[in-house]
1. Would you point out the residue of the stretch 290-304, among those that are farther than 17 Å from residue 410 by Cβ and open to solvent by less than 30 Å² (accessible area, probe 1.4 Å), that is modelled with the lowest pLDDT?
2. Given the residues 307, 287, 222, 217, which is the only one that is of a type outside the set (Phe, Trp, Tyr), modelled with pLDDT of 85 or more, within 30 Å of residue 340 (Cα to Cα) and touching a strand residue (DSSP E or B) at 6+ places or on another chain (Cβ under 8 Å)?
3. Testing residue 60 on (1) modelled with pLDDT under 85; (2) in a helix (DSSP H, G or I), one condition comes back false. Which one is that?
4. Go through (1) part of a helix (DSSP H, G or I); (2) over 16 Å from residue 99 (Cα atoms) one by one and return the number of the condition residue 129 breaks.
5. Of the residues 287, 273, only one is open to solvent by less than 50 Å² (accessible area, probe 1.4 Å) and more than 30 Å from residue 169 (Cα to Cα); which?
6. Tally up the residues in the stretch 510-534 that are surrounded by 12 or more Cβ atoms within 10 Å (Cβ to Cβ), β-branched (Val, Ile, Thr) and more than 33 Å from the chain's Cα centre (by Cα), please.
7. Among the listed residues 448, 423, 440, 428, identify the single one that is among the charged types (D, E, K, R), open to solvent by 10 Å² or more (accessible area, probe 1.4 Å) and either at pLDDT 75 or above or in a loop (DSSP other than H, G, I, E, B) (or both).
8. In the stretch 124-157, what residues are of a type in the set (Ser, Thr, Tyr) and in contact with an Asp or Glu (Cβ under 8 Å, 6 or more places away or on another chain)?
Amino acid sequence: MLTSGSADQLAALVARAAHAPSACIQFVEDSRLRLYGSWGVSADWEVVAESSLDSSLGGLVVGSGATLVVDDAQHDPRIPDGLLRRTGGAYLGCPVHDRAGAVLGVCYAYDHSPRPWTPEQIAAVSEASEVATLLIGEQIARYELEQQHRFLDAVLDSLHDGVVACDATGRIAFVNERMRLWGENVFGTETTPGLTDATGTPLTRDDLGLVRALRGEVIRDEPLALHGRSRRTHYYVMDAQPIHGVDGRVLGAVQAVQDVTRQRRAEKFRSCELAVTTALAEAPSIEAAGPRVLEAIVGALDWVHAELWLVEEGTVRAAARWSAPGWPADIPVPDRLAYGQGLAGRAWQVDKPLWIRDVGRPQSLISPDTSADRLHTALAIPVHDGAGPIGVLTVFADAVEDPEDELLALMSGIAAHLGQFVERRRVEDLQLQLTRSKNEYLALIGHEMRTPLTSISAYTELLREADEATLVRDGPRLIKVVERNTTQLREIINELLELSALDAGHADVRRTPIDLAAVVRDVVDRTRLAIDGEPVVIDADLPAELIVPCDKDRMRHIVQNLLGMAVRYSPDGGHVSVALRSTGRAAELSVSDAAGDIPRAEREQLFTGHYRTSRANERAIPGSGLGLTLSRAVVEKHQGSVELTGGDSGTTVLIRLPLEVR
């Protein structure tokens, strides 16, 4: 609260004003008084540097909240034995308050010899304590203002909206993180390339929100369109308004921009679902519904050409095609393709979505006559019914597009349920099944199970296509990769089931008294044995015994998880520390690694499930991302808590468990 320099100066003034050899400024920290400023106390440093509230004269001042005047401690009944009573010293202390009146500390002068304190000296020390109160109030006000600024900056940086503000001259005064990511084109440069209004009319700097707001205009929900490097358009909604001072003058302007591209695409996709549903409900066959279905998909994706292929007699037949308005309708499309031939035949063969970034490149699955330097990105999605693939849906864009997981997931769901509609031809089931498939597919993506599955699929395919020599040379390594990803997938599933059971209340947590120290010691010993030879050292600080009521198996699993994560995250030559102790009514278990600190913004997200830190992604550290989530769920079932802290020297997971069943 007070810097040591200002506190020392204040103590010196107190000593001079009270004509005392020594003076101190102390503040309360927990159950102790800590020295912040002093004068003439070198001989008593160990005594006054830190003292207990229960065994110090300062504690009497803090407890009573009133000035304590002691002329001769030896004959003063208020002073307990041991506090200046043996030598009969003198003490004059006044409480230091905060703005609310709470006692924060004490300002005092003392002498080892008895002496009377004059009213002037008492008034001087009291005035010094009031000065300390004023200084503390100023520091707290500054601290609170700084905290408000930090909170405001954090809130603005966490927004999905881009926010920018300028002063009265138009100079940018604040830009949040989202706006920085979008770049200045969103809020204006000299020429604002690619920025248009809702009608497509190019905008100049004078048309933009900040400039208009500086002129006094208030803008609400105004649409903008921005063309990126590709042909795809991004859509925004803009708000802007002037900032007025107390005298009514314009001090600046603020503009908020929201990216609504996804919302617009979601609306288009919902329209596509409705159009597909209507087409299938009204058409007697998939061939009759095909053009309308393809038209809806092309419009939803904002691509230019689509085809529907159906499996017939060992080939895929072109059952329907559609080109966007303005595109030639004579794009050459073969009547049939053999198994594995062309884009549709290959998608049928591999039975999985295929994304080709540019079909115009050599060795493409698309013939040059079909692409003709006009089509570029292609997406092929197998269509299934209950028995297997019955066709392929192919869509083409006139620009090079990078793969998008969201688009792939949504289109895969549509294709899968189109197949079911071919079989059932019932509109009611389409909506239910399409919604369920989309939710399941998006949930699968959200749980990040695709990574191990992709690795398993890829390495299995390598094994299947490898010749004998390659199998002998690389087979064991490839199998290890498949085994590792299979284990990872199994762990994810097991942890998901455990989390689901805990959340639903179906998991039986048996809290019986166990020696937690023995459990932790056993896990540490096993981990040391497992990493023998690795450049990581595990240090353990464990009591001989610590009885805690908890579920032994689940606590063992938590310790294994935390210790395994700490070992994986620690750099070569690093130390992993495990400590267990009893503090009051709780047992504290801490596991620390020697890696750099996890950013504060990412800490709480680690408990949300499947979140991977930027550090883990950069270093490709394996893991499901469920360890801390599962640990917190189990610990909370024990009425405990989990906390993640850290600094430059490492990161610590601290678990607190009650020593008594509540």
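1. Here the answer is 290.
2. Working: 287 fails: modelled with pLDDT of 85 or more; 222 fails: within 30 Å of residue 340 (Cα to Cα); 217 fails: within 30 Å of residue 340 (Cα to Cα).
Among 307, 287, 222, 217, only 307 is of a type outside the set (Phe, Trp, Tyr), modelled with pLDDT of 85 or more, within 30 Å of residue 340 (Cα to Cα) and touching a strand residue (DSSP E or B) at 6+ places or on another chain (Cβ under 8 Å).
3. Among (1) modelled with pLDDT under 85; (2) in a helix (DSSP H, G or I), residue 60 violates only (1).
4. (2)
5. Working: 287 fails: open to solvent by less than 50 Å² (accessible area, probe 1.4 Å).
So the residue among 287, 273 that is open to solvent by less than 50 Å² (accessible area, probe 1.4 Å) and more than 30 Å from residue 169 (Cα to Cα) is 273.
6. 1
7. 448
8. Here is the first cut: in the stretch 124-157, the residues of a type in the set (Ser, Thr, Tyr) are 126, 129, 133, 143.
Result: 133, single match.
The values are calculated or read from the model by the stated rules, or taken from the named source; none is laboratory data. Just so you know, these numbers come straight off a predicted model, no measurement behind them. Here Cβ is always computed from backbone atoms with ideal geometry, including for glycine, and neighbour counts include all displayed protein chains. What goes into the accessible areas is simple: the full protein's heavy atoms, side chains included, and nothing from ligands, DNA or RNA. Shrake-Rupley method; radii C 1.70, N 1.55, O 1.52, S 1.80 Å.
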